[in-house]
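Below is one structure. I have some questions about it.
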Amino acid sequence: MTLNGDDRMDAGDVRFERPPALEQTWTGALDDRLFARLMARLELPDVRRGGLAVAVSGGADSMALTCLVADWCARRDVAMTALGVDHALRENSAREAARVACWLAARGVAHVTLRWRGVKPRTAIQEAARTARYALLTDWCRDNGVTTVLLAHHEDDQAETALMRLARGGEIETLAAMRSTLVRDGIVLARPLLEISPSSLRATLRAKGQSWIEDPSNRDRRYERVRVRQALARPGGAALKDGALGVCRKAGVLRELIEALAYSWIDRHVRFFEAGYAQIELSPLRAAHRALARRVLAWVLARVGGRNYAARRDGLDALLGALVPVGGGDGDGDGDGDGDGDGDGDKTFAGRTLAGCRLLVQAPGTGSEADPGTLLVAREIRGVSALPLTPGRHTFDHRFEVDVRADAPVGRYLDALDSAGWRELAVRAPGLKSHPIPLIARMSLPAVKDDLGVVAVPHLGYRRDWGLARLPVLRHVAGNTVRLAHEVFA
């Protein structure tokens with residue numbers, strides 16, 4: 001394992017700088033000094049106020065991270081909680097969680113077991129478990145005022161993920177290494193061990209006299225990651241791993257470049273609204289290179305839709321093909337947005353849905369034929385789940401942070417306004433028909449409801465009873481998807 005890389009890369013006015021690398025390849029146990037350097041490279045938010053959490057399963061990787069973090073926190077007077085997730089997928093899962101809790105109690109580390117309840121899927125179990133795990137972790141942090149969760153992904157995880165993505169195909173930047181920090185539902189997920197080998201982590205546990213649990217699913221060849229891991233352990237696997245990590249690093253540089261260009265483009269040509277929708281200028285979008293336009297659309301769709309994953313590439317290409325007229329810029333000269341040179345783009349766009357969003361072209365605002373207008377992107381109603389308004393802080397639809405007072409009335413919930421709610425408002429408050437928020441964006445606005453209908457729609461300034469004084473406070477937080485366009489949680 002070597003921590004290295006270019007110190008700086010320039011792309012026009014864009015500059016990327018990386019923290020200084022370690023001076024050596026590290027193969028032994030991690031000590032406190034080295035781990036402190038790994039933590040410093042993360043540039044975390046201030047964790048002294050709310051503390052931090054560590055995801056721990058009891059396996060060697062997460063136990064090593066937990067022990068290292070416990071010592072790091074003790075030296076800095078930072079509160080720490082170890083979070084275990086009982087997926088209830090194995091007979092002994094509850095017993096293993098209890099064993100981990102005992103181990104950590106002996107080290108003075110607070111431990112909480114979070115349980116994945118409900119019916120488990122019959123297929124894609126690992127993917128569903130991963131989604132549930134991250135939801136449980138971020139929900140606990142948000143409920144307890146913790147801003148950061150540390151995860152134990154390591155160097156081999158990087159190589160395995162790159163090889164799995166390579167086998168599936170896709171864009172080159174999707175092969176980039178997992179991010180050391182990212183944000184999910186307002187919580188920072190940090191991975192300090194991405195450049196550390198699993199053998200180093202086991203050596204660390206031996207040095208600290210700490211046991212760990214071997215998960216039998218790590219040998220189950222039904223799972224793709226297990227098959228890739230076993231392939232890397234065979235003769236010649238070391239060279240394959242080094243090659244995969246090299247691809248990760250090079251693809252990461254490309255990803256940084258494309259993202260920097262996309263962010264700069266978005267700053268100039270995209271407008272986001274606190275009500276949760278966005279407008280994209282069509283002329284610059286149609287003139288943009290296909291790779292840049294695809295990234296812009298993926299980013300905007302993820303933010304408006306409140307998603308942690310990008311839309312599928314085929315969906316983005318189809319959208320670009322419908323948006324870019326003949327002669328537009330897509331990187332292959334035919335203007336159809338698909339890069340194949342067949343020029344089948346149309347000058348009209350009837351609207352469509354993609355990645356939880358509705359898209360519609362708005363009429364030009366300048367009156368000039370050269371101005372094709374803007375692309376309106378709004379959350380679609382489908383997939384929005386009602387949120388009971390119980391006291392505390394919640395997240396609605398992965399897009400809005402909601403604060404509910406302790407004396408809030410019982411029986412209210414937050415949901416999309418939807419067409420029925422809008423019809424009710426149009427009768428009760430007809431003046432809202434001329435509200436500047438576009439109609440398709442109004443449908444997905446968060447609305448306080450009860451058994452009698454719509455109680456309030458804060459973004460429209462509507463209240464059924466103006467004597468009401470105990471409405472929830474809403475803040476749009478979907479900006480947390482800013483860097484998640486191609487992130488896949490491994």
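No value in this document is a laboratory result; all are computed from the given coordinates. Fair warning: this is a prediction, and the values are worked out from it, not measured in the lab. Positions of Cβ are backbone-derived with ideal geometry, glycine not excepted, and every protein chain shown enters the neighbour counts.
Hey, fewest Cβ within 10 Å first, where do Met63, Met164 land in order?
Ascending number of Cβ neighbours within 10 Å: Met164, Met63.
Another question, if that's okay. Tally Lys and Arg at +1 and Asp and Glu at -1 over the other residues with C-beta under 14 Å from the C-beta of Arg229: what net charge comes out?
Numbers: positive: Arg219, Arg221, Arg222, Arg225, Arg227, Arg234, Lys241; negative: Asp61, Glu155, Asp156, Asp157, Glu160, Glu214, Asp215, Asp220, Glu224.
In short, -2.
Provide the net charge surrounding Gly421, with neighbours chosen by a C-beta distance below 13 Å and charges set as Lys +1, Arg +1, Asp -1, Glu -1. Each step should come with its number before you reach the end.
Details: positive: Arg423, Arg428, Arg442, Lys449, Arg464; negative: Asp415, Asp418, Glu424, Asp450.
Residues close to Gly421 contribute a combined charge of +1.
Pulled fully out, how much extra length does the chain show between Thr181 and Leu166, if you take 0.36 nm times their separation in residues and subtract their Cα-Cα distance?
Working: separation 15, 0.36 × 15 = 5.40 nm, distance 2.24 nm.
Contour length minus the Cα-Cα distance gives 3.2 nm.
Within the P(r) computed for region 8-256, what percentage of the Cα pairs occupies the region above 27 Å? It would help to have the intermediate numbers written out before the result.
Details: 11748 of 30876 pairs.
Counting pairs separated by more than 27 Å, the tail of P(r) holds 38 percent.
Between Leu257 and Val427, what is the FRET efficiency for a Förster distance of 41 Å, r being their Cβ-Cβ separation, to the nearest 0.05? Don't skip to the end; give the middle numbers.
On the way: r = 53 Å, r/R0 = 1.29.
For R0 = 41 Å, the calculated efficiency reads 0.20.
Tell me which GluC sites (Glu not before Pro) from region 90-179 have a DSSP coil assignment and no more than 12 other beta carbons within 10 Å of their own.
Counting only loop positions with at most 12 other Cβ atoms within 10 Å, the GluC sites (Glu not before Pro) in region 90-179 are Glu91.
When the Kirkwood hydrodynamic radius is evaluated over all pairs of different C-alpha atoms of region 150-212, what value in angstrom, to one decimal, is obtained?
On the way: mean 1/r = 0.0752 Å⁻¹.
So the Kirkwood estimate lands at 13.3 Å.
Determine, for Phe272, Phe400, Phe35, the number of other Cβ atoms within 10 Å of each Cβ, and report the residues in order from fewest to most. Mind showing how you got there, number by number?
Working: Phe272 17, Phe400 25, Phe35 21.
In increasing order of surrounding Cβ atoms, one gets Phe272, Phe35, Phe400.
Same structure, new question: Could you list Thr395, Thr66, Thr353, Thr138 in order of exposure, starting from the residue whose Cβ has the fewest other Cβ atoms within 10 Å? Working shown, then result.
Values: Thr395 21, Thr66 27, Thr353 11, Thr138 24.
Exposure proxy ranking, most exposed first: Thr353, Thr395, Thr138, Thr66.
Using DSSP to define loop residues, name the GluC sites (Glu not before Pro) in region 236-286 whose beta-carbon has at most 15 other beta-carbon atoms within 10 Å.
In loop regions of region 236-286 (DSSP not H, G, I, E or B), the sparsely surrounded GluC sites (Glu not before Pro) are Glu274.
Okay, moving on. Once you have the alpha carbon radius of gyration of region 191-325, what is it after dividing by 2.2 N^0.38 Å, with N set to its residue count? Display every interim value, and only then the final one.
On the way: Rg = 21.4 Å, N = 135, 2.2 N^0.38 = 14.2 Å.
Relative to the 2.2 N^0.38 Å estimate, region 191-325 comes out at 1.51.
Scan region 374-418 for trypsin sites (Lys or Arg not before Pro) in coil per DSSP, keeping those whose Cβ has at most 13 other Cβ atoms within 10 Å, and list them by number.
Numbers: sites: Arg379, Arg382, Arg393, Arg399, Arg405, Arg412; in loops: Arg382, Arg399, Arg405, Arg412.
Taking region 374-418 and a limit of 13 other Cβ atoms within 10 Å, the loop trypsin sites (Lys or Arg not before Pro) found are Arg382.
5 Å is the cut-off here: which amide hydrogens, built 1.01 Å from N in the peptide plane, fall below it relative to Ala110, excluding neighbours closer than 5 in sequence?
Ala82
In whole Hz, with x marking every Gly and Pro, tabulate ³J(HN,Hα) for region 293-299 from phi via Karplus 6.51 cos²θ - 1.76 cosθ + 1.60, θ = phi - 60°.
Each residue of region 293-299 in turn: 4, 5, 5, 4, 5, 4, 5 Hz.
Now a separate question. Compute the convex hull volume of the Cα atoms of region 387-477, divide it by the residue count, and report the result per residue in Å³ as a whole number.
Numbers: hull volume 8.3 nm³, N = 91.
In region 387-477, the Cα hull volume divided by residue count equals 91 Å³.
Roughly speaking, what is the stretch gain from Leu42 to Arg219, that is 0.36 nm per residue apart minus the C-alpha to C-alpha distance, in nm to one decimal?
That works out to 60.6 nm of additional length.
Fully extended, how many nm does the chain gain between Arg33 and Ser211 (0.36 nm per residue separation, minus their Cα-Cα distance)? Spell out each step's value before the answer.
Values: separation 178, 0.36 × 178 = 64.08 nm, distance 2.25 nm.
Between Arg33 and Ser211, full extension yields an extra 61.8 nm.
Right, another one. Which whole-Hz ³J(HN,Hα) couplings does region 94-101 yield from phi under the Karplus relation 6.51 cos²θ - 1.76 cosθ + 1.60, θ = phi - 60°, glycine and proline marked x?
Couplings: 5, 5, 5, 4, 5, 5, 4, 4 Hz.
Across bins of 10 angstrom width beginning at 0, how are the C-alpha pair distances of region 113-203 distributed, in whole percent?
For region 113-203, the pair-distance distribution reads 14, 35, 39, 11.
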